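The structure under discussion appears below in the form of structure tokens.
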Amino acid sequence: MASVVLSEAEKLYIVHGVQEDLRVDGRGCEDYRCAEVETDVVSNTSGSARVKLGDTDVLVGIKAEMGTPKLEKPDEGYLEFFVDCSSNATPELEGRGGEELGTDIANTLYRVFSCENSVDLKSLCINPREHCWVLYVDVLLLECGGNIFDAISIAVKAALFNTRIPKVRVLEDEEGTKEIELSDDPYDCIRLNVEEVPCIVTLSKIGYRHVVDATLQEEACSLASLLISVTSKGALTSMKKVGKGSLDPESIFEMMETGQRVGKSLHIALQKILDEEESLGTSRPKVGFLG
């Protein structure tokens, strides 16, 4: 994880500001930085998205490939997460540091999406016990400016919203041999329902209060953070504590309430942007770095 070195005076300035609900960049404790979301940015994927949250830059690509269902869930497809942390994001991610952070992020995503209702995996099944769609979710962390988990979860949801999976039919001949027929129409595809896909809200404890969407400087002043995955209806699906510090039960309950409230607002704003971009169709201008 990227970190910055602050003097004691700078830390004191940040902590005192948070206690007054006034952060260094002028935000309140429950305010996110301005986020840029763009979908369909990588042409050779089934779905993709780029999210820039403050100075944090994330690119997600999803590739749908046929595979074999897992033995314990023979009538469902599944997701596989791969996270690559570019050494350009911060020198600390070069080598083993980047690998460890990538593994930690991937494990967190697996945990967030382990909730049964997050994605309709049954819709990814083609032929029970034999064929299913496997969604390979590749996450590339391009720049680290604080609060990477939230930015990645937003990018993953946007990429899933953008994902189009070809429609297939299972044909059976007289001998009982099954064949898979792929539709010739590129627009004849399956869209995923992302309504229940959770987003991560990270709450960082600074002094006696907690903030959302912490910058690198604020993360340096925080000894403990709580990662909460929240659905669009405000339901909590998972929770993880990070950092060396401790959190008392009262703080945890307060952070959970804040996470639910902020998470619902985050989902509403994200879905509005995705729907607006979708309505523009193929004529929309590409404004990202891959435009």
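General remarks:
- Within region 52-68, none of the residues are farther than 28 Å from S279 by Cα and buried (at least 21 other Cβ atoms within 10 Å of the Cβ).
- Considering only residues in region 17-30 that are out of contact with any Gly (no Cβ under 7 Å at 6 or more places or on another chain), in contact (Cβ under 8 Å) with a residue 40 or more places away in the chain and open to solvent by 50 Å² or more (accessible area, probe 1.4 Å), the one that is farthest from S265 (Cα to Cα) turns out to be D25.
- Close pairs from region 227-254: first farther than 19 Å from L270 by Cβ, partner open to solvent by less than 60 Å² (accessible area, probe 1.4 Å), Cβ under 6 Å, at least 6 apart: M239/I228; K240/L227; K241/L226; V242/S225; G243/A224; G243/S225; G245/A224; L247/A224
- Within region 140-162, one or more residues are open to solvent by less than 20 Å² (accessible area, probe 1.4 Å), over 28 Å from S225 (Cα atoms) and modelled with pLDDT of 90 or more.
- Flag if N88 is modelled with pLDDT under 90, closer than 23 Å to Q217 by Cβ, open to solvent by 50 Å² or more (accessible area, probe 1.4 Å) and outside any strand (DSSP E or B): yes
- Residues (open to solvent by 50 Å² or more (accessible area, probe 1.4 Å) and hydroxyl-bearing (S, T, Y)) located in region 171-184: T177
The values are calculated or read from the model by the stated rules, or taken from the named source; none is laboratory data. What you are looking at is a predicted structure, and each value in this text was computed from that prediction instead of being measured. With ideal geometry, Cβ positions are generated from the backbone for all residues, glycine too; neighbour counts draw on all protein chains shown. Heavy atoms of the whole protein, side chains included, go into the accessibility calculation; ligands, DNA and RNA do not. Shrake-Rupley method; radii C 1.70, N 1.55, O 1.52, S 1.80 Å.
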